[in-house]
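Below: one structure, written as structure tokens.
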Ligand SMILES: Cc1cc2nc3c(=O)[nH]c(=O)nc-3n(C[C@H](O)[C@H](O)[C@H](O)COP(=O)(O)O)c2cc1C
């Protein structure tokens with residue numbers, strides 16, 4: 001089936017025209033990615049601690065054939081408790097409960113390389129992979145806020161040291177994952193449980209971390225967890241080129257996406273890998289409505305719960321105007337429109353000016369998500385499918401991680417209304433082709449450290 005609508009840019013190569021997009025969905029606090037969702041009347045404010053809410057959201061995403069759920073993490077109290085946390089209490093423990101209640105969807109959890117000893121990281125993540133029958137992924141981050149380091153009695157280290165530890169940790173974790181070889185075989189009740197000649201110590205010692213091994217956890221259905229890493233500083237991109245199967249970024253325009261995707265692919269080549277093995281996905285945010293107006297009103301109902309004074313002043317500056325936007329519910333006046341100016345290098349400012357010129361009021365411009373950290377569309381299912389298609393076919397991304405203001409309604413609306421359009425256009429698989437996360441993402445098999453990068457900067461043999 002391939003009924004692809006001609007996209008606005010329509011610059012995709014023949015290869016992209018048969019390719020299918022990767023789709024993940026952010027989960028976390030059980031409310032949504034808008035800070036006011038927990039206050040809404042239809043939301044149970046106790047959902048933060050309710051695993052049934054997480055399970056229901058993951059099952060909805062699985063019903064739509066989405067490739068994975070993604071849980072970001074912070075190792076400190078982010079924000080103040082007068083408002084709900086934006087993060088999950090503990091992604092890996094939560095995902096192990098989700099594993100039991102789902103069958104196909106991938107489970108991508110964030111864990112930092114800066115604190116936990118690699119033996120424990122390797123064990124938790126591989127056990128999640130084994131109990132989910134090959135559906136685990138690890139968003140490996142080095143942490144970057146001093147508040148996280150303070151919770152471990154440390155000062156924020158120089159970036160170089162932080163990444164030195166990341167490299168060592170990644171190499172030790174991979175070595176431990178590979179330490180129970182496939183050749184150790186299946187349990188033989190009349191003979192050995194496993195062949196010890198294929199379960200070997202790894203004996204790695206770096207400057208920051210080390211281990212003897214082996215790790216007593218056999219391979220999962222996909223061998224070992226899939227690795228995701230964020231597109232961050234140059235150090236981070238270099239590391240992603242070496243270890244990541246998936247890189248997540250936050251481009252604000254198709255051009256930024258293309259540039260970042262190329263950088264990520266180049267980093268893989270530099271590490272001796274094939275660029276096709278590394279998938280670049282971008283954060284995007286959506287609210288689906290019957291009409292664009294209805295979707296914008298859903299966002300405005302959330303914005304009404306927070307003080308929009310600050311965002312309105314910021315918008316005025318982004319529009320190149322001086323002074324307050326005193327009539328936030330009216331389109332800009334002719335005089336204001338005559339003096340709006342976009343900052344040409346800021347995609348958000350360019351979008352804000354476009355929206356103002358199209359006659360949207362300042363409150364509606366904000367409801368279009370111009371200040372969201374990622375591209376956002378409040379619109380009909382068709383408009384959202386068009387957005388996904390345009391970015392994908394322009395080769396800005398290999399896929400997306402979707403954020404919803406309200407997980408409760410947003411994931412279901414997306415699955416029931418946008419997913420069928422993407423399938424109809426031949427952009428998204430029609431249900432799961434395989435059993436494991438590696439299958440869903442079209443990744444090659446890997447067990448242990450990739451031998452092409454085994455001589456990396458860390459992990460000297462003891
Ligand atoms: C898309 C994206 C997702 C990220 N997710 C997390 C996360 O869940 N937890 C975290 O501590 N850091 C997260 N980060 C931060 C990066 O890991 C990195 O620390 C940050 O971009 C700063 O770069 P640096 O650490 O190289 O200085 C994320 C970054 C990006 C771009």
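The values are calculated or read from the model by the stated rules, or taken from the named source; none is laboratory data. What you see is a predicted model, and the numbers here were worked out from it, not measured in a lab. Quick reminder, even Gly has a Cβ in these numbers, built from the backbone with ideal geometry, and neighbours come from all protein chains shown.
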query: Could you say which residue among 97, 84 is surrounded by fewer than 18 Cβ atoms within 10 Å (Cβ to Cβ) and more than 16 Å from the ligand (Cβ to nearest atom)?
result: 97
- prompt: Going by the conditions given, is residue 174 within 31 Å of the chain's Cα centre (by Cα) and either within 16 Å of the ligand (Cβ to nearest atom) or surrounded by fewer than 21 Cβ atoms within 10 Å (Cβ to Cβ) (or both)?
  reply: no
Tally of residues being under 18 Å from the mean Cα position of the chain (by Cα) and away from the ligand (no atom under 15 Å from the Cβ) across segment 246-261: 3
- prompt: So residue 105 clears everything in (1) touching a strand residue (DSSP E or B) at 6+ places or on another chain (Cβ under 7 Å); (2) closer than 17 Å to residue 176 by Cα except one condition, right? Which one?
  reply: (2)
field: Single residue of segment 100-116 satisfying the filter (away from the ligand (no atom under 16 Å from the Cβ) and more than 19 Å from the chain's Cα centre (by Cα)) that is farthest from residue 222 (Cα to Cα)
entry: 101
message: I want to confirm something. Restricting to segment 338-353 and keeping residues that are loosely packed, with under 15 Cβ neighbours inside 10 Å and in contact (Cβ under 8 Å) with a residue 12 or more places away in the chain, which single residue is nearest to residue 379 (Cα to Cα)?
response: 346
message: Anything in segment 289-314 that is at pLDDT below 95 and farther than 18 Å from residue 33 by Cβ? List them, or say none.
response: 307, 309, 310, 312, 313, 314
task: Residue by residue through segment 379-403, note down the ones that are closer than 27 Å to residue 366 by Cβ and within 16 Å of the ligand (Cβ to nearest atom).
output: 391, 396, 397, 400, 401, 402, 403
- prompt: If only one of 265, 300 is assigned by TED's automatic domain parsing to the domain that holds residue 350 and in contact with a helix residue (DSSP H, G or I) (Cβ under 6 Å, 6 or more places away or on another chain), which one is it?
  reply: 300
- line: Given (1) at pLDDT 95 or above; (2) under 30 Å from residue 423 (Cβ atoms); (3) surrounded by fewer than 17 Cβ atoms within 10 Å (Cβ to Cβ), residue 384 misses just (3)
- request: From the list 182, 119, 163, pick out the single residue that is touching a helix residue (DSSP H, G or I) at 6+ places or on another chain (Cβ under 9 Å) and within 14 Å of the ligand (Cβ to nearest atom).
  value: 163
- prompt: If you check residue 407 against the conditions, is it in contact (Cβ under 8 Å) with a residue 24 or more places away in the chain and under 17 Å from residue 27 (Cα atoms)?
  reply: yes
Search result, residues across segment 138-160 that are more than 10 Å from the ligand (Cβ to nearest atom) and under 18 Å from residue 92 (Cα atoms): 138
